[in-house]
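Undergrad: The structure follows.
The values are calculated or read from the model by the stated rules, or taken from the named source; none is laboratory data. The model shown is predicted, which means the values in this text are computed figures rather than measured ones. Here Cβ is always computed from backbone atoms with ideal geometry, including for glycine, and neighbour counts include all displayed protein chains. Please note that ligands, DNA and RNA were not included when accessible areas were found on the heavy atoms of the full protein model with its side chains. Shrake-Rupley method; radii C 1.70, N 1.55, O 1.52, S 1.80 Å.
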Amino acid sequence: DAGVTQSPTHLIKTRGQQVTLRCSPKSGHDTVSWYQQALGQGPQFIFQYYEEEERQRGNFPDRFSGHQFPNYSSELNVNALLLGDSALYLCASSPWYRGLKFTDTQYFGPGTRLTVL
Amino acid sequence: EDKVVQSPLSLVVHEGDTVTLNCSYEVTNFRSLLWYKQEKKAPTFLFMLTSSGIEKKSGRLSSILDKKELFSILNITATQTGDSAIYLCAGQRRNTDKLIFGTGTRLQVFP
């Protein structure tokens with residue numbers, strides 16, 4: 001049973017560039033959430049996708065956008081990168097069934113370490 | 001604004017010691033509290049607590065929630081070097097998947 005997978009593992013970008021991070025949820029899960037974890041901090045919620053739509057959003061600017069595909073995988077896009085965007089980006093998945101929450105437990109992927117120079 | 005606070009921020013112990021990690025929360029329309037262990041990158045799920053006073057156990061780890069005083073503790077008995085990690089606590093509102101994390105407690109266990 002494959003867990004949550006993310007790619008790439010590491011990424012180095014320069015200020016002003018754009019980046020796309022990818023996530024495949026755990027088998028049987030159809031909901032994907034993205035978190036940003038700065039060094040020494042706990043993860044901060046960015047947004048969540050279910051049924052290919054953004055359902056919830058945290059306090060992040062519009063430079064952060066996402067997408068979910070019919071196979072439930074997801075992308076996180078960040079435009080106009082700032083030095084402060086350097087962080088570990090975590091993807092978490094959980095299952096919803098027919099619009100009802102199945103479990104509150106979320107399972108995390110290994111993350112993508114983004115460094116902005 | 002929802003808030004989760006963990007203490008201590010850092011803890012250094014020797015193998016065999018017992019440790020208690022603390023988590024206090026202020027979460028509107030609270031539903032559950034979750035504990036995760038983060039060794040390198042991926043936080044791995046430990047416990048989810050929704051009811052007050054019911055201890056959850058997994059091997060040497062146990063956790064309990066107090067919904068009146070708005071806190072939870074995570075106990076680790078007979079610590080091992082493999083327990084060295086950051087332990088994250090997160091609160092969750094009803095009808096949302098959004099987790100509100102604390103900054104974590106860094107536990108270092110030395111032989």
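Undergrad: Distance between Cα centroids, the stretch A:13-85 to the stretch B:1-21: provide it in whole Å.
TA: Spelled out, the Cα-based centre of one part sits 29 Å from the other.
Undergrad: Still on this structure: Can you work out the accessible area per residue across the stretch A:1-79, with the rest of the protein chains kept in place, probe 1.4 Å, in square angstrom?
TA: About 51 Å² of surface per residue is accessible.
Undergrad: If I model a spin label as a point 7 Å beyond the Cα along the Cα-Cβ vector, how far apart are those points for A:S7 and B:T50 in nm?
TA: It works out to 3.6 nm between the two label points.
Undergrad: Which whole-number percentage describes the relative contact order of chain B, with Cα contacts under 8 Å and a sequence gap of 6 or more?
TA: Relative contact order, chain B: 37 percent.
Undergrad: Within chain A, what is the longest stretch that has no trypsin sites (Lys or Arg not before Pro) placed in a DSSP loop and near at most 15 other beta-carbon atoms within 10 Å? Don't jump to the answer; show the numbers that get you there.
TA: On the way: sites that count: A:R15, A:R63, A:R98.
Result, exposed sites excluded: A:16-62.
Undergrad: Multiply the residue gap between B:F110 and B:V5 by 0.36 nm, knock off their C-alpha separation, and tell me the result in nm, one decimal place.
TA: Length gained between B:F110 and B:V5: 35.2 nm.
Undergrad: Return the loop-located chymotrypsin sites (Phe, Trp or Tyr not before Pro) in the stretch B:44-109 (DSSP other than H, G, I, E, B) with at most 16 other Cβ atoms within 10 Å of their own Cβ; answer none if there are none. Working shown, then result.
TA: Details: sites: B:F45, B:F47, B:F71, B:Y87, B:F101; in loops: none.
For chymotrypsin sites (Phe, Trp or Tyr not before Pro) across the stretch B:44-109 that sit outside H, G, I, E and B with at most 16 neighbouring Cβ atoms in 10 Å, the list is empty.
Undergrad: Follow-up. For an R0 of 30 angstrom, estimate the FRET efficiency from the Cβ-Cβ distance between A:N79 and A:E53 and round to the nearest 0.05.
TA: With R0 = 30 Å, the Cβ-Cβ based efficiency is 0.90.
Undergrad: To the nearest hundred square angstrom, how large is the accessible surface buried between A and B, total for both chains, probe 1.4 angstrom?
TA: That pair hides around 1800 Å² of surface in total.
Undergrad: Enter the mean number of other protein chain beta carbons within 10 Å of the beta carbon of each residue in B:43-52, as an integer.
TA: 3
Undergrad: Take chain A, mark every one of the GluC sites (Glu not before Pro) that falls in a DSSP loop and has at most 14 other Cβ within 10 Å, then report the longest stretch left between them, sites excluded.
TA: A:53-117
Undergrad: Of B:D83, B:D17, B:D66, which is the most mobile in a GNM of chain B whose springs link Cα atoms less than 10 angstrom apart?
TA: B:D17
Undergrad: Also, I was wondering about something else. Could you count how many Lys pairs in the stretch B:3-110 have their Cα atoms under 17 Å apart, skipping same-chain pairs fewer than 8 positions apart?
TA: Details: B:K3/B:K67; B:K3/B:K68; B:K3/B:K98; B:K37/B:K56; B:K37/B:K57; B:K56/B:K67.
Lysine pairs, 8 or more places apart or on different chains, close enough: 6.
Undergrad: Heavy-atom accessible area of A:H10 with all protein chains present, probe 1.4 Å, nearest 10 Å²?
TA: 120 Å²
Undergrad: Out of the GluC sites (Glu not before Pro) in the stretch B:1-93, which ones are loop residues according to DSSP with at most 15 other C-beta atoms within 10 Å?
TA: Numbers: sites: B:E1, B:E15, B:E26, B:E39, B:E55, B:E69; in loops: B:E1, B:E15, B:E39, B:E55, B:E69.
Counting only loop positions with at most 15 other Cβ atoms within 10 Å, the GluC sites (Glu not before Pro) in the stretch B:1-93 are B:E1, B:E15, B:E39, B:E55, B:E69.
Undergrad: Using +1 at the C-beta of Lys and Arg and -1 at the C-beta of Asp and Glu, which of A:S7, A:L39, A:H67 has the Cα lying farthest in the positive direction of the dipole of chain A?
TA: Of the listed residues, the answer is A:L39.
Undergrad: In whole Hz, with x marking every Gly and Pro, tabulate ³J(HN,Hα) for the stretch A:28-42 from phi via Karplus 6.51 cos²θ - 1.76 cosθ + 1.60, θ = phi - 60°.
TA: Listing the rounded values in order: x, 9, 10, 10, 10, 10, 10, 10, 10, 10, 6, 4, x, 10, x Hz.
Undergrad: So what is the relative contact order for chain A, in percent, with contacts set as C-alpha pairs under 8 Å and at least six apart? Each step should come with its number before you reach the end.
TA: Working: 305 pairs, mean separation 41.9, N = 117.
Across chain A, relative contact order equals 36 percent.
Undergrad: On to the next question. For the protein assembly as shown, compute Rh as the Kirkwood radius over C-alpha pairs and then the Stokes-Einstein diffusion coefficient at 4 °C and 1.567 mPa s; write the answer in µm²/s, rounded to an integer.
TA: Details: Rh = 18.1 Å.
Rounded to a whole number, D works out at 72 µm²/s.
Undergrad: Let me ask you something else. Rounded to the nearest 20 debye, what is the charge dipole size of the protein assembly as shown about its Cα centre when +1 sits on each Lys and Arg Cβ and -1 on each Asp and Glu Cβ?
TA: Result for the protein assembly as shown is approximately 60 debye, rounded to the nearest 20.
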